[in-house]
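Notes for the one structure printed next.
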Amino acid sequence: MQIKTKAWWHREGPLLVSLLLMIFLLWLPTGFEAAVIYQGTVHCTAEVLAVDDSHIIDTGLVRSGEQNCTVRFLNGRFRGQEAEGYNMLAGSLEADKIFAVGDKALVVIHHEGERIISVNMIDHFRLGKEAVLAGLFAALLLVLAGRTGLRAILSFGLTVLLLWKVLVPCYLRGLSPVPMGLAVTLAITVITISLVYGFERRALAAVSGTALGILVTALAGGLSTQWLMIHGAVMSYSESLLYSGYQHLDLTQIFMASIFIGSSGALMDLAVDITSAVQEVVEKRPDISRWEAIRSGLNVGRAAMGTMTTTLLLAYSGGYIALLMVFMAQGTPIDNILNYKYVSAEIIDTFVGSAGLITVAPFTALTSGWLLAERGKTDKQNNV
């Protein structure tokens with residue numbers, strides 16, 4: 001009975017712990033919910049009944065001015081009421097939005113008691129469609145992967161909650177970004193890999209290899225950032241934090257932390273691949289020596305590293321296609337492009353992340369070969 005209980009805990013324990021942690025994180029407040037800018041307001045969905053574009057200045061590609069919209073509130077305390085909403089245009093294709101009759105919009109209502117003072121048109125309402133995409137993603141995982149898909153969904157949700165409820169608030173409160181980022185990233189690593197393997201030696205081997213790779217990536221990222229003299233303001237929207245009452249933030253340290261956080265998923269992927277391969281070899285040959293198991297893990301790692309480094313390159317560069325098009329359209333010399341600080345930051349992300357992959361392979365081969373080959377021999381002796 002005790003053996004069965006222990007086996008159940010090793011297999012299902014991570015699922016139970018993750019569910020409890022998710023419930024706790026859902027309840028946990030960030031401490032930033034009561035922002036002054038949103039006090040005395042109501043968020044709701046509204047339907048656009050009529051639009052007035054007479055105050056819009058059209059200059060071709062961009063528009064500026066103000067669009068007035070008559071809206072009907074679809075939920076919240078003012079449900080069913082109609083009011084005039086204001087959509088301010090700043091002349092930016094990235095930030096501006098234009099509403100048409102029949103559109104659904106997310107609005108912020110400023111009010112005093114039951115009297116509506118103003119209605120700010122935030123953007124087109126997309127939450128419903130985003131929920132559909134999330135549902136399709138979850139359904140696809142459950143259909144194709146079954147229980148493993150359920151664990152993957154749980155891991156995905158916990159990662160989002162740990163980043164939003166723990167990492168971001170801690171950064172805003174001024175906690176040291178690199179140690180805090182390492183703590184959260186390692187926690188995500190332990191949770192994710194334990195959900196894949198359970199509480200057993202395979203999880204220990206993969207977590208150990210990933211953790212060593214993350215530490216190498218953190219060290220290399222910090223040194224490279226200082227060496228290339230990159231300021232953390234290269235991160236999108238980061239500079240606006242300094243003008244919003246958070247002058248104490250060390251943006252460069254946050255950028256350093258973002259390097260190993262961004263590459264940690266690829267490191268986990270490679271570590272799990274190597275650990276599973278070594279486990280398969282040990283099961284086929286229980287008498288295999290630790291060195292032979294380690295060598296098998298290294299062979300798998302070498303085969304996977306080529307595609308994984310390309311994966312990182314595509315993941316990081318995909319968001320900068322428009323910037324590269326601007327450089328090419330303007331005939332910018334290649335040395336200017338490579339010297340540009342935003343490009344240098346992406347080079348750090350790519351090369352340091354790839355260096356982490358290169359190191360996580362031997363680390364994981366070493367830990368999995370050492371731990372799993374020993375177990376294979378022990379299992380064979382027990383069977384005899």
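Based on what the data block shows, is ALA183 out of contact with any Leu (no Cβ under 7 Å at 6 or more places or on another chain), without any contact (Cβ under 8 Å) to a residue 24 or more places away in the chain and either buried (at least 21 other Cβ atoms within 10 Å of the Cβ) or assigned to a helix (DSSP H, G or I) (or both)?
Answer is yes for this residue.
Is it the case that some residue within region 313-335 is under 18 Å from THR210 (Cβ atoms), of a type outside the set (Val, Ile, Thr) and in contact with a Leu (Cβ under 6 Å, 6 or more places away or on another chain)?
The first filter runs over region 313-335 and keeps only residues under 18 Å from THR210 (Cβ atoms), leaving 315.
Still in the list and also of a type outside the set (Val, Ile, Thr): 315.
Next, only the ones that are in contact with a Leu (Cβ under 6 Å, 6 or more places away or on another chain) stay: none.
Within region 313-335, not a single residue is under 18 Å from THR210 (Cβ atoms), of a type outside the set (Val, Ile, Thr) and in contact with a Leu (Cβ under 6 Å, 6 or more places away or on another chain).
Can you name the condition, by its number, that THR311 falls short on among (1) part of a helix (DSSP H, G or I); (2) free of Cβ contacts under 8 Å to residues at least 40 places away in the same chain?
(2)
Kindly indicate whether LEU150 is over 25 Å from SER194 (Cα atoms), more than 17 Å from the chain's Cα centre (by Cα) and among the hydrophobic types (A, V, I, L, M, F, W, C). Steps first, answer last, please.
Values: over 25 Å from SER194 (Cα atoms): no; more than 17 Å from the chain's Cα centre (by Cα): yes; among the hydrophobic types (A, V, I, L, M, F, W, C): yes.
Spelling it out, it is not the case that LEU150 is over 25 Å from SER194 (Cα atoms), more than 17 Å from the chain's Cα centre (by Cα) and among the hydrophobic types (A, V, I, L, M, F, W, C).
Would you please name the residue that is surrounded by the fewest Cβ atoms within 10 Å (Cβ to Cβ), looking only at residues in region 270-304 that are within 23 Å of GLY356 (Cα to Cα) and either without any contact (Cβ under 8 Å) to a residue 12 or more places away in the chain or within 22 Å of the chain's Cα centre (by Cα) (or both)?
Looking at residues that are within 23 Å of GLY356 (Cα to Cα) and either without any contact (Cβ under 8 Å) to a residue 12 or more places away in the chain or within 22 Å of the chain's Cα centre (by Cα) (or both), I get ALA303.
Here are some residues: GLY301, GLY318. Which one is at pLDDT below 90, more than 22 Å from ALA205 (Cα to Cα) and small (Gly, Ala, Ser)? Outline the logic, then answer.
On the way: GLY301 fails: more than 22 Å from ALA205 (Cα to Cα).
Matching residue, one of GLY301, GLY318: GLY318.
Please go through region 198-224 and give me each residue that is surrounded by fewer than 22 Cβ atoms within 10 Å (Cβ to Cβ) and either outside any helix (DSSP H, G or I) or of a type in the set (Ser, Thr, Tyr) (or both), ordered by number.
Passing the criteria: GLY198, PHE199, GLU200, SER208, SER224.
Hey, could you check region 138-172 for residues that are of a type outside the set (Val, Ile, Thr) and loosely packed, with under 14 Cβ neighbours inside 10 Å and say which is farthest from MET268 (Cα to Cα)? Please lay out each step first, then the result.
As a first pass, look at region 138-172 and keep what is of a type outside the set (Val, Ile, Thr): 138-142, 144-147, 149-152, 154-158, 161-165, 167, 169-172.
Subset that is loosely packed, with under 14 Cβ neighbours inside 10 Å: 139-140, 144-147, 164.
Numbers: ALA139: 24, LEU140: 22, LEU144: 21, ALA145: 19, GLY146: 21, ARG147: 20, TRP164: 21 Å.
Selected residue: ALA139.
Six or more apart or on different chains, Cβ atoms under 8 Å: show the pairs whose first residue is in region 217-235 and without any contact (Cβ under 8 Å) to a residue 40 or more places away in the chain and whose second is of a type in the set (D, E, K, R) and surrounded by fewer than 16 Cβ atoms within 10 Å (Cβ to Cβ).
Within 8 Å, the pairs are GLY232/ASP250; ALA233/GLU239.
Do we find that ILE188 is buried (at least 17 other Cβ atoms within 10 Å of the Cβ) and farther than 30 Å from ALA50 by Cα in this structure? So that I can check it myself, show each step before the final result.
Working: buried (at least 17 other Cβ atoms within 10 Å of the Cβ): yes; farther than 30 Å from ALA50 by Cα: yes.
Yes; evaluated as a whole, the condition is true for this residue.
Considering only residues that are among the basic types (Lys, Arg) and within 18 Å of CYS44 (Cα to Cα), look in region 55-96 and name the one that is surrounded by the most Cβ atoms within 10 Å (Cβ to Cβ). Working first, answer last.
If we filter region 55-96 for residues that are among the basic types (Lys, Arg), which is where we start, we get 63, 72, 77, 79.
Filter again for within 18 Å of CYS44 (Cα to Cα), leaving 72, 77, 79.
Values: ARG72: 15, ARG77: 11, ARG79: 12.
Among those that are among the basic types (Lys, Arg) and within 18 Å of CYS44 (Cα to Cα), it is ARG72.
Tell me, yes or no, whether region 339-350 has at least one residue that is over 26 Å from the mean Cα position of the chain (by Cα), farther than 15 Å from MET256 by Cα and touching a residue at least 12 places away in the same chain (Cβ under 8 Å).
First, pick out the residues of region 339-350 that are over 26 Å from the mean Cα position of the chain (by Cα): 339.
Okay, now just the ones that are also farther than 15 Å from MET256 by Cα, so 339.
So of that shortlist, the ones also touching a residue at least 12 places away in the same chain (Cβ under 8 Å) come out as none.
Checked against the condition, which is being over 26 Å from the mean Cα position of the chain (by Cα), farther than 15 Å from MET256 by Cα and touching a residue at least 12 places away in the same chain (Cβ under 8 Å), region 339-350 yields no hits at all.
The values are calculated or read from the model by the stated rules, or taken from the named source; none is laboratory data. These numbers come from a predicted model, not from an experiment. All Cβ positions, glycine included, derive from the backbone under ideal geometry; neighbour counts span all protein chains shown.
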